[in-house]
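The values are calculated or read from the model by the stated rules, or taken from the named source; none is laboratory data. Everything numeric in this text was worked out from a predicted model, so none of it was measured. Glycine also receives a Cβ, built like all others from the backbone with ideal geometry; neighbour counts cover every protein chain displayed.
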Amino acid sequence: IPVDQLTLAAAKQEIVPLRKQLTQWGKEYYEQDNPTVEDYVYDRAYQRLVALEQRFPELKTSDSPTQRVGGGPQSQLTKVTHDIPMLSMGDVFSIDELMDFNQRQQDNKDVEVAPEYNLELKIDGLSLSLVYENGKLVQGSTRGNGVIGEDVTANVMTIKSVPHELPEPLSLEFRGECYMPKKSFVNLNQEREAAGQPIFANPRNAAAGSLRQLDPHVTAKRDLDTFMYYVPEYQKLGVKTQAAALDRMRELGFNVNPNNRVVHNRQEITAYIEEYTAKRDQLSYGIDGIVEKVNDLDTEIALGNTVKVPRWEIAYKFPPEEQATVVRDIEWTV
Ligand code: NAD
């Protein structure tokens, strides 16, 4: 039933089990690295919840999946507090929706937004925070619920693309994505199958399961990689734009995805999306969309965030590849 035809009572009856279901799927996905439904099923249910809460704001709750980032940290790993929260990201499913998002930014009366965007590939892994003190890597952590993440420093030290020391004595946090290349994922699952172990549902869950290990020796064997893409305190790097921040991170020795592009209008945005929709399968790592970020970093700060997502970036999500995939039975293993 379309949301605008529902009575409050009917909406209430729908919203309670819907929220419960999404919370359960979120736990399986974020905390156990063990999803039992495809992402598009989760996304569709999530969109329905958003629509219900928009139409009936009185049914909103602060513990709703629409108001919370990710999942809770794994109890056996040490917890880390993110002073600058690690947020989720809003998403759109068409170029028209993306243009509406940009228009709303333009209409913002408080912040003048120059229509210059940095487009990046949306890497299908899990968020990673790396903290350096005087140029030395001192902490690696996961996003967790955005404020409390998991300490995975020893595990991160085993990832080849993560520099243990920077060429400059910077005290700074860098954020990005930890992922498992497609080939490594296939090899890992083959090995696991041969050994009679449960296999991972997709490279994203394999990366998360491999990084969130209690034993760094296990992580070391898993062939994880990284793409770094964000510096919350960009002022300390002396950069003014997202594109320049990526260049600086490259200079510092981080792995930075080479495919970002600065664009200004619908035509350029469409060309980029079409190009990477076509190239997607040829890439050696999984991507599930395109991220659009306002290129001017001071404008990003001025736009700020909602409780869950930044107002200066948005994900354009690719349509699901094959809707009929059976989700295999997998287990969380430490
Ligand atoms: P998200 O993972 O879709 O998007 C936010 C994340 O994108 C960021 O945290 C960051 O880690 C990542 N990212 C990748 N490349 C980036 C780049 N270039 N710049 C900035 N960030 C980049 O958001 P989310 O809220 O963490 O998770 C929602 C996703 O998880 C949806 O796709 C949903 O389908 C899936 N999910 C699935 C299930 C399931 O049961 N199948 C359950 C929960 C969530």
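Please go through the range 17-55 and pick out each residue that is of a type in the set (V, I, T) and assigned to a loop (DSSP other than H, G, I, E, B).
Of the residues in the range 17-55, the ones of a type in the set (V, I, T) are 23, 36-37, 41, 50.
Across the range 17-55, the qualifying residues are T36, V37.
How about the range 88-128: which of its residues are in contact with a His (Cβ under 7 Å, 6 or more places away or on another chain) and in a strand (DSSP E or B)?
Correct list: empty.
For E268, state whether it is acidic (D, E), at pLDDT 95 or above and either farther than 30 Å from Q103 by Cβ or touching a helix residue (DSSP H, G or I) at 6+ places or on another chain (Cβ under 9 Å) (or both). Before you say what the answer is, go through the steps one by one.
Working: acidic (D, E): yes; at pLDDT 95 or above: yes; either farther than 30 Å from Q103 by Cβ or touching a helix residue (DSSP H, G or I) at 6+ places or on another chain (Cβ under 9 Å) (or both): no.
Criteria not met by E268.
Being in contact with a helix residue (DSSP H, G or I) (Cβ under 7 Å, 6 or more places away or on another chain) and more than 26 Å from T142 (Cα to Cα) is the filter; apply it to the range 8-45 and report the residue that is nearest to the ligand (Cβ to nearest atom). Please lay out each step first, then the result.
Step one: list which residues in the range 8-45 are in contact with a helix residue (DSSP H, G or I) (Cβ under 7 Å, 6 or more places away or on another chain), which gives 11-12, 14-15, 18-19, 21-23, 25-26, 33-37, 42, 45.
Now drop any that are not more than 26 Å from T142 (Cα to Cα), which leaves 11-12, 14-15, 18.
Details: A11: 23, K12: 24, E14: 19, I15: 18, L18: 14 Å.
So, considering only residues that are in contact with a helix residue (DSSP H, G or I) (Cβ under 7 Å, 6 or more places away or on another chain) and more than 26 Å from T142 (Cα to Cα), the one nearest to the ligand (Cβ to nearest atom) is L18.
Restricting attention to the range 279-308, and to residues there that are within 18 Å of I123 (Cβ to Cβ) and assigned to a helix (DSSP H, G or I), which single residue is nearest to the ligand (Cβ to nearest atom)? Give the derivation first.
Filtering the range 279-308 down to residues within 18 Å of I123 (Cβ to Cβ) leaves 279-293.
Add one more test, that the residue is assigned to a helix (DSSP H, G or I), and what stays is 279-282.
On the way: K279: 16, R280: 14, D281: 18, Q282: 18 Å.
Within the range 279-308, the match that is nearest to the ligand (Cβ to nearest atom) is R280.
Being among the β-branched types (V, I, T) and without any contact (Cβ under 8 Å) to a residue 60 or more places away in the chain is the filter; apply it to the range 134-155 and report the residue that is surrounded by the fewest Cβ atoms within 10 Å (Cβ to Cβ).
Within the range 134-155, the match that is surrounded by the fewest Cβ atoms within 10 Å (Cβ to Cβ) is V138.
Check the range 214-229 and report whether any residue there is in contact with a Cys (Cβ under 8 Å, 6 or more places away or on another chain), within 16 Å of the ligand (Cβ to nearest atom) and of a type outside the set (A, V, I, L, M). Step through it out loud before you land on a result.
Here is the first cut: in the range 214-229, the residues in contact with a Cys (Cβ under 8 Å, 6 or more places away or on another chain) are 224-226.
So of that shortlist, the ones also within 16 Å of the ligand (Cβ to nearest atom) come out as 224-226.
Those still in the list that are of a type outside the set (A, V, I, L, M) too: 225-226.
Checking the range 214-229: at least one residue is in contact with a Cys (Cβ under 8 Å, 6 or more places away or on another chain), within 16 Å of the ligand (Cβ to nearest atom) and of a type outside the set (A, V, I, L, M).
Name, by its number, the condition in (1) of a type outside the set (F, W, Y); (2) surrounded by 14 or more Cβ atoms within 10 Å (Cβ to Cβ); (3) modelled with pLDDT under 95 that does not hold for V113.
Failing condition for V113: (3).
Go through (1) away from the ligand (no atom under 16 Å from the Cβ); (2) farther than 19 Å from G125 by Cβ for L77 and report which single condition fails.
(2)
I'm checking my understanding of the structure. Among residues of the range 248-271 that are over 21 Å from the mean Cα position of the chain (by Cα) and of a type in the set (D, E, K, R), which one is farthest from N295 (Cα to Cα)?
The qualifying residue farthest from N295 (Cα to Cα) is E251.
Restricting attention to the range 80-96, which residues are within 24 Å of S127 (Cβ to Cβ) and away from the ligand (no atom under 15 Å from the Cβ)? Explain how you work it out, then say what you get.
In the first step, residues of the range 80-96 are kept if they are within 24 Å of S127 (Cβ to Cβ); the result is 80-93.
Matches in the range 80-96: V80, T81, D83.
Just the residues that are touching a residue at least 60 places away in the same chain (Cβ under 8 Å) and under 15 Å from Y30 (Cβ atoms), please, taken from the range 68-78. Working first, answer last.
First pass over the range 68-78, keeping only residues touching a residue at least 60 places away in the same chain (Cβ under 8 Å): 68-74, 76-78.
R68, V69, G70, G71, G72, P73, Q74, L77 - these are the residues of the range 68-78 that are touching a residue at least 60 places away in the same chain (Cβ under 8 Å) and under 15 Å from Y30 (Cβ atoms).
Within the range 172-215, count every residue that is assigned to a loop (DSSP other than H, G, I, E, B), over 22 Å from L130 (Cβ atoms) and over 19 Å from the mean Cα position of the chain (by Cα). First the steps, then the outcome.
First, pick out the residues of the range 172-215 that are assigned to a loop (DSSP other than H, G, I, E, B): 180-181, 195-202, 212-215.
Within this subset, residues satisfying the condition of being over 22 Å from L130 (Cβ atoms) are 195-202.
Narrowing further to those that are over 19 Å from the mean Cα position of the chain (by Cα): 195-199.
Of the residues in the range 172-215, 5 are assigned to a loop (DSSP other than H, G, I, E, B), over 22 Å from L130 (Cβ atoms) and over 19 Å from the mean Cα position of the chain (by Cα).
Could you figure out which of (1) within 23 Å of S127 (Cα to Cα); (2) within 11 Å of the ligand (Cβ to nearest atom) isn't true of S64?
It is condition (2) that S64 fails.
If we scan the range 56-63, do we find a residue that is assigned to a helix (DSSP H, G or I), assigned by TED's automatic domain parsing to the domain that holds R280 and either surrounded by fewer than 19 Cβ atoms within 10 Å (Cβ to Cβ) or touching a strand residue (DSSP E or B) at 6+ places or on another chain (Cβ under 9 Å) (or both)?
Taking the range 56-63 and keeping what is assigned to a helix (DSSP H, G or I), we get 57-59.
Retained after the next criterion (residues that are assigned by TED's automatic domain parsing to the domain that holds R280): none.
No, because not a single residue in the range 56-63 is assigned to a helix (DSSP H, G or I), assigned by TED's automatic domain parsing to the domain that holds R280 and either surrounded by fewer than 19 Cβ atoms within 10 Å (Cβ to Cβ) or touching a strand residue (DSSP E or B) at 6+ places or on another chain (Cβ under 9 Å) (or both).
Identify, please: which residue in the range 309-334 is part of a loop (DSSP other than H, G, I, E, B) and at pLDDT 95 or above and is, among those, nearest to the ligand (Cβ to nearest atom)?
Residues of the range 309-334 that are part of a loop (DSSP other than H, G, I, E, B), as a first pass: 309, 311-312, 318-334.
Checking which are at pLDDT 95 or above leaves us with 309, 311-312.
Details: V309: 8, R311: 14, W312: 11 Å.
For the range 309-334, the residue satisfying everything is V309.
Going by what's in this entry, would D4 be described as in a helix (DSSP H, G or I) and in contact with a Lys or Arg (Cβ under 7 Å, 6 or more places away or on another chain)?
yes
Mind checking which pairs have a first residue in the range 109-127 that is farther than 10 Å from D296 by Cβ and a second that is among the aromatic types (F, W, Y), Cβ under 6 Å, 6 or more apart or different chains?
Once the first residue is farther than 10 Å from D296 by Cβ and sits in the range 109-127, its partners that are among the aromatic types (F, W, Y) give L119/Y272; I123/Y179; I123/F227; G125/Y179.
Within the range 100-108, identify whether any single residue is free of Cβ contacts under 8 Å to residues at least 60 places away in the same chain, more than 12 Å from the ligand (Cβ to nearest atom) and within 25 Å of S141 (Cβ to Cβ), and answer yes or no.
Looking through the range 100-108, none of the residues is free of Cβ contacts under 8 Å to residues at least 60 places away in the same chain, more than 12 Å from the ligand (Cβ to nearest atom) and within 25 Å of S141 (Cβ to Cβ).
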